[in-house]
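What follows is a single structure, written as structure tokens, with notes after it.
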Amino acid sequence: MIYPIIPCPKPRQTRSDRWRQRPAVLRYRAFADEVRAARVEIPESGATVIFRLPMPTSWSMKKRQKMNGMPHRSRPDIDNMLKSILDAVYASDAHVWDIRVIKLWADEGSIEVIE
């Protein structure tokens, strides 16, 4: 299933983030709300989650065509991306034991879950 949601990494949060309005935390909370509203489902085993991150608008058309579908090897880290979606979907994700994660460049951001 493909969800048209721009992926967002989970930031490192502190106690003060409950009242402090840091942009990274606000961005993550909006992402988590969007994931819950779309009713994203991730099975406990055998799933592949593909994060398609949008390319920067500053890139030339030639570079955009070259990089479309290529591996995304820069920040954000893949573990923070997975943590963000699992924490948004589950209150406790301890039962998830087998999952594959892929990060790719794309024209538009999305999250795809293959069971």
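Bear in mind these aren't lab numbers, they're just calculated from the coordinates by the rules spelled out. Here the structure is a predicted model, which means the values were calculated and not measured. Neighbour counts run over all protein chains shown; Cβ positions are idealised from the backbone, glycine included.
Details
- Condition met for Ala37 (without any contact (Cβ under 8 Å) to a residue 12 or more places away in the chain, closer than 18 Å to Ile2 by Cβ and out of contact with any helix residue (DSSP H, G or I) (no Cβ under 9 Å at 6 or more places or on another chain)): yes
- Scanning region 1-36 for residues that are closer than 16 Å to Asn80 by Cβ, charged (D, E, K, R) and in a loop (DSSP other than H, G, I, E, B) turns up Lys10, Arg12, Arg22.
- When region 39-95 is limited to residues that are of a type in the set (Ser, Thr, Tyr) and under 24 Å from Arg12 (Cα atoms), the one that is surrounded by the most Cβ atoms within 10 Å (Cβ to Cβ) turns out to be Ser84.
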